[in-house]
Each structure stands twice: as structure tokens, then as C-alpha cells.
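Visitor: Here it is, the structure in full.
The values are calculated or read from the model by the stated rules, or taken from the named source; none is laboratory data. Bear in mind the structure is a predicted one, so any value in this text is a computation, not a measurement. We place every Cβ from the backbone using ideal geometry, glycine too, and count neighbours over all the protein chains shown.
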Amino acid sequence: MLTIAVDAMGGDHAPKAEVEGAIRAAVELNLRVLLVGQEDVVARELARHPSASGLPIEIRHAPDVITMEDSAAKAVRSKKNSSIHVCARLVRDGEADGFVSAGNTGAVMATAKMIQGMIRGVQRPALASAFPTLKGTPVVVVDVGANVDSTPMMLAQFAVMGEIYSRIIFHNRAPRVGLLSIGEEEHKGNDLTRAATPLLKTMPIHFIGNVEGRDIYSGLADVVVCDGFIGNVALKVSEGIVEMMQSMLRESLEATITRKLGALLSQQAYRDFRKRVDYSEYGGAPLLGVKGVSIICHGRSNANAIKNAVRVAAEFARGKLNEKIEAELDQTASQVAAK
């Protein structure tokens, strides 16, 4: 049975969402969950769920809490018994197969990199996020915030890691990988994208060239590569658009529905729409490139998002993504050296 550690103190709704999500995961996914946080707080919340009795859920005490307001660099050094630190140590020491946190993103990234270490051949870790597309299949966008500045080689490594992630988690046999730019032509873009293109062509991936912002949602590519600054802007703009569309659609339905049957049909259509664009269905964003499994969730994650993040962590561990990333980067390095 796989074991996934959950940072019970990290999210905006902690520990309520984390505890409920852990219970759902233990029931539905046949795995063991370690709830990491201040023991009395977590135990009190867990006691509110009598159905949790007998489930493979344990509490691991972590006295310190890293808040969203904390400086990531300072918190990593000063709060060494935080729930994030304890989660990372559980993974490093083999007591957990992965960990999930909806806490301070910078602190999670810095802690995972420091405690768990980096995969051989990876310069910097990258965050991969799943976006919905018109074709109904998700596209993996990497990097969405781990690195504000990137080099061409880092983008090439992101592409390999994102391609493997798409294959294992979303079962794409030969994911199409695109480079996010301002035009399809190779000469368009900035110095980074133009320098990255020749490298991406040498990678063991199905590289389809430049893609534009609108192509993220069209389904043209299965993986879209970009630096973390652009990727994070794309992520936040997308979240804002989804929230606006949901609000506008709900207002329009309430204002125009007059028949009972029409109301029921429209409500079902609205629920279907929400499910297609709901971030909680995709769980969290894996931090690719670090040893072990680290999944970072949105701070506002609800119980469904936590459960699905645990699912992603388990699939990541079962699929041995890190071993595959390391092997393919080793192969690529050997091919480059041979030339």
C-alpha cells in the first residue's frame, strides 16, 4: 500500500479541507495517508469525522507552521519543524512515497529541493499544471511558476519532464510538445524561445514547434513549455477568466430561465461546465525534477482538490516518473556528447 503525506496546515482552509480530502483518498484510492501538522489541531478535526475510524490514516506531529505571509527563504531556515519540512523528510527517508501541500508555494519548492534533492541531470525543478482543452483532454503546461528566469537548456529539460508526465498520468502515447511563443514561425519570439528551439528538436520527444497562447486551450499540443514567469501569468489569467465565466453564466441562467424543465437542463449544463474547468478535478501541480514526489496545490484547495492531489501523487509514484526522467535525460546527454 502506497503512503502519501499531506501537509495538514498549509491551505487557506486547513486543516478542514486537508483532513476531509485525506479521508476521501483513503476510502477511494486504497492507500495510506499521513496527516502532518500540529497534532492537537489535526486530531480535533479528524475526530469530527467518525467515518475515519479504522481507515489507514495517521497523524505525524509538526509544531511549526509556514504561513502564506512568511518569506519562503527565511521560513525554510527558521521553521525546520514545519509541516512542510516534516513531509519532505518523510519522503526523503522512505516513510512516504510522496507528499501533498497547499501551503506557501515558494517554501514547498525550496524545502523539497533542499531536503529531497534534485534528480541527476536536472538544473532546476519546474511546476507542471493541467489545463482543460476544447478536445476534452488536459494539456500540461510547464513551468507555471517555479522559475522566473530560465535558460534554453532548462526549457529543454522541462519539455522532457512534461512529456513523461503527460504519458504516465494522462496516458498519452506520444505527447505533442509545443514551445509557447508569440507566433508559430521559428524566427518569432524572444532570445530564449529562439535559442531553445534547436535544443528541443534534439530531445527524445514529439516536438511540434512554436504554439501561441490560444493553443493552450485548443488541444493542439499535449504539453506546452515556457518559462515560469509566462506560465504563471497564463495560469492566473486562466483562473480569472474561469471565475468570470462561471459568474456570468450563472447570472444569465438565473435571469433568463422561465420553464421548470429548461431550468433543470440548464442547471445540469452549468454543472457539467463547472466540472470541465474545475481545477480541483486535476488535483495539484507536481514539482518535476526533485527526488521523490512533491505535489503543490492551490491555496484555496477544497477537499476534492486534496483528494485528487493525493491521487496524482500516488500515480506519480507508481509510474516511477523520476526514474524515467533521469534515464531519458541521461540518454539525451549521451547523445549530445556523442555528437
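Visitor: Would you be able to tell me the number of residues in region 172-189 that are surrounded by fewer than 21 Cβ atoms within 10 Å (Cβ to Cβ) and either among the β-branched types (Val, Ile, Thr) or outside the structural domain of Tyr217 (by TED's automatic domain parsing) (or both)?
Guide: Here the count works out to 1.
Visitor: Going by the structure shown, is Ala196 in contact (Cβ under 8 Å) with a residue 40 or more places away in the chain, surrounded by 21 or more Cβ atoms within 10 Å (Cβ to Cβ) and under 19 Å from the mean Cα position of the chain (by Cα)?
Guide: Details: in contact (Cβ under 8 Å) with a residue 40 or more places away in the chain: yes; surrounded by 21 or more Cβ atoms within 10 Å (Cβ to Cβ): yes; under 19 Å from the mean Cα position of the chain (by Cα): no.
So Ala196 does not fit the description; no.
Visitor: Can I ask one more? Tell me which residues, restricted to region 216-233, are assigned to a helix (DSSP H, G or I), among the aliphatic types (A, V, I, L, M) and buried (at least 19 other Cβ atoms within 10 Å of the Cβ).
Guide: Matches in region 216-233: Ile216, Ile230.
Visitor: Give the residues of region 285-339 that are assigned to a helix (DSSP H, G or I) and among the small types (Gly, Ala, Ser), sorted by residue number.
Guide: Passing the criteria: Ala303, Ala305, Ala309, Ala313, Ala314, Ala317, Ala327, Ala333, Ser334, Ala337, Ala338.
Visitor: Go over the candidates Pro125, Pro138, Pro132 one by one and state the one that is touching a Leu at 6+ places or on another chain (Cβ under 7 Å) and not acidic (Asp, Glu). Quick ask: steps written out before the conclusion?
Guide: Working: Pro138 fails: touching a Leu at 6+ places or on another chain (Cβ under 7 Å); Pro132 fails: touching a Leu at 6+ places or on another chain (Cβ under 7 Å).
On inspection, the qualifying residue turns out to be Pro125.
Visitor: I would also like to ask the following. Name the residues in region 117-128 that are surrounded by fewer than 23 Cβ atoms within 10 Å (Cβ to Cβ) and of a type outside the set (Gly, Ala, Ser), would you?
Guide: Within region 117-128, Met118, Ile119, Arg120, Val122, Gln123, Arg124 meet the criteria.
Visitor: Check whether at least one residue in region 207-215 is outside any loop (DSSP other than H, G, I, E, B), at positive phi and at pLDDT 95 or above, and report yes or no.
Guide: yes
Visitor: Now a separate question. Hey, His206 hits all of (1) surrounded by 20 or more Cβ atoms within 10 Å (Cβ to Cβ); (2) closer than 19 Å to Ser166 by Cβ but one; which does it fall short on?
Guide: Every condition holds for His206 apart from (1).
Visitor: State yes or no: is Val42 surrounded by 21 or more Cβ atoms within 10 Å (Cβ to Cβ) and closer than 16 Å to Ile295 by Cβ?
Guide: No.
Visitor: While we're on this one: The conditions are (1) in contact with a strand residue (DSSP E or B) (Cβ under 8 Å, 6 or more places away or on another chain); (2) modelled with pLDDT under 60, and Gly283 fails exactly one of them. Which is it?
Guide: The single condition Gly283 does not satisfy is (2).
Visitor: With the requirement that a residue be under 19 Å from Ala102 (Cβ atoms) and in contact with a Ser or Thr (Cβ under 9 Å, 6 or more places away or on another chain), what does region 43-62 give you?
Guide: Hits for region 43-62 are Arg60, Ala62.
Visitor: Pick out the one residue from Thr137, Thr111 that is among the hydroxyl-bearing types (Ser, Thr, Tyr) and within 20 Å of Val225 (Cα to Cα).
Guide: Criteria check complete, one pass: Thr137.
Visitor: Separate question: Any idea which residue in region 140-171 is modelled with the lowest pLDDT, counting only those that are farther than 16 Å from Gly209 by Cα, crowded, with 19+ Cβ neighbours inside 10 Å and among the polar types (S, T, N, Q)?
Guide: Asn147
Visitor: If you don't mind, there's one more thing I want to ask. Can you report the number of residues in region 290-337 which are at pLDDT below 90 and in contact with a Lys or Arg (Cβ under 6 Å, 6 or more places away or on another chain)?
Guide: 1
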